[in-house]
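Participant: Please see the structure below; I have some questions.
Read-outs throughout are calculated quantities, based only on the coordinates presented, and are distinct from any laboratory measurement. Predicted model, so just to flag it, every value in this text is computed and none were measured. Methodologically, a virtual Cβ is constructed for each residue, glycine included, from the backbone with ideal geometry; neighbour enumeration extends over all protein chains shown.
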Amino acid sequence: MSYVFKNVLVAVASVREPDTGQKQEVLESARQKIVDLACELAVALKARMTFIHVVTLPAVVEPGFPMDPTPFQQAGERVLERTKRMATEKGVEADTILETTFGNAAQKILKVAEEKQFDLIIVGARGQSRLRNLLVGSVCDSVFRMAKVPVLVVR
């Protein structure tokens, strides 16, 4: 069996700590690594590349607590703009998709991959704690296990 990868979906995450808003250099370095690898593959394979960022909103909000997704979506747009700029600096043009979901981002990534007929998904392994992965799982693990197309995991 041979694979032809012409339509590649690259999942990118925020590099800010959700609780504090502090930038995490480790995550910035990981995103750079994902973009570098994805660009090299896109050039080598002559593939179309699309970055996706999924804004994950809390599934449960206290009654009476206003939930405006706009700031989260704006932050997601900035993530995609920065990532696209990184690819452009490597000489690769890329499309972007911003999605919003309640719950697990992996489900949204998988849905977009299937609907838009991507034939490869690239996702980063963020290295969360084993306890967190055991309790809630990780986006990377879920995409890897449930994708109908090959998945390249970048560490």
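Participant: Given a Förster radius of 35 Å and the C-beta distance between V4 and A75 as r, what FRET efficiency does 1/(1 + (r/R0)^6) yield to the nearest 0.05?
Facilitator: 0.50
Participant: Given a Förster distance of 22 Å, report the FRET efficiency between A125 and A44 from their Cβ-Cβ distance, rounded to the nearest 0.05.
Facilitator: Working: r = 22 Å, r/R0 = 1.00.
Efficiency for this residue pair is about 0.50.
Participant: Mind ranking 28-38, 47-57, 85-95 by how tightly packed they are, going by the mean number of other C-beta atoms within 10 angstrom, highest first?
Facilitator: 47-57, 28-38, 85-95
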